[in-house]
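Each reported figure results from applying straightforward, stated rules to the coordinates on display, with no laboratory input. Every value quoted in this text rests on a predicted model; they were computed, and no experiment measured them. We place every Cβ from the backbone using ideal geometry, glycine too, and count neighbours over all the protein chains shown.
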Amino acid sequence: MKILLVDDHPETRKEMAALIDAEKDLRVVAEAASGEEGAAKAGELKPDLVVMDILLPGINGIEATKTILANDPAIKILVLSNHSGHIFVQALLKAGAMGYVRKANAFEELVPAIRSVAAGRQYLGKGIDD
């Protein structure tokens, strides 16, 4: 499974890439530091899944999600963010994201969330106000 990471923090991308790449069937094909860069790379690389932060330079994760899905509705979006309030969760789900994981829980939940979303099932991690 090809995965694109979109997060403005290089250390977060590095940690998440290591976690994902440790799985034999998952591979990070690219990283992006902004919403625009993420949308452009998604259009170019056609990943199976995008792991998306919310607060990004330029367009935010909500707008980037809308742009990615408008161009390719087959791409799955999983949100990975520190922000887990009702407003953020609802906005991302409405934009088309299928999963939401708090960064604080990433080491235990990211891979199961990726697998769930890739299979077409919604995933709301621990501490998500739905």
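Here are the numbers for the structure shown:
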| item | result |
| --- | --- |
| Total lysine pairs under 14 Å (Cα atoms) in region 2-124, excluding pairs fewer than 8 apart on one chain | 9 |
| Peptide ranges 105-116, 41-52, 81-92 listed from the most packed, as the mean C-beta count within 10 angstrom indicates | 41-52, 105-116, 81-92 |
| Residues LYS103, LYS2 arranged by fewest to most Cβ contacts within 10 Å | LYS2, LYS103 |
| Inter-label distance for GLU63 and HIS86, nm, one decimal - labels placed 7 Å from Cα along Cα-to-Cβ | 2.6 |
| Cα extents of region 2-62 along the three principal axes, largest first (Å) | 33, 24, 14 |
| Residue-span extension gain [GLU11 to ASP25] - 0.36 nm each, minus C-alpha spacing | 2.8 nm |
| Residue-averaged 222 nm ellipticity for the chain, from DSSP H runs of 4+ at -39500 (n - 2.57), nearest 500 | -13500 deg cm²/dmol |
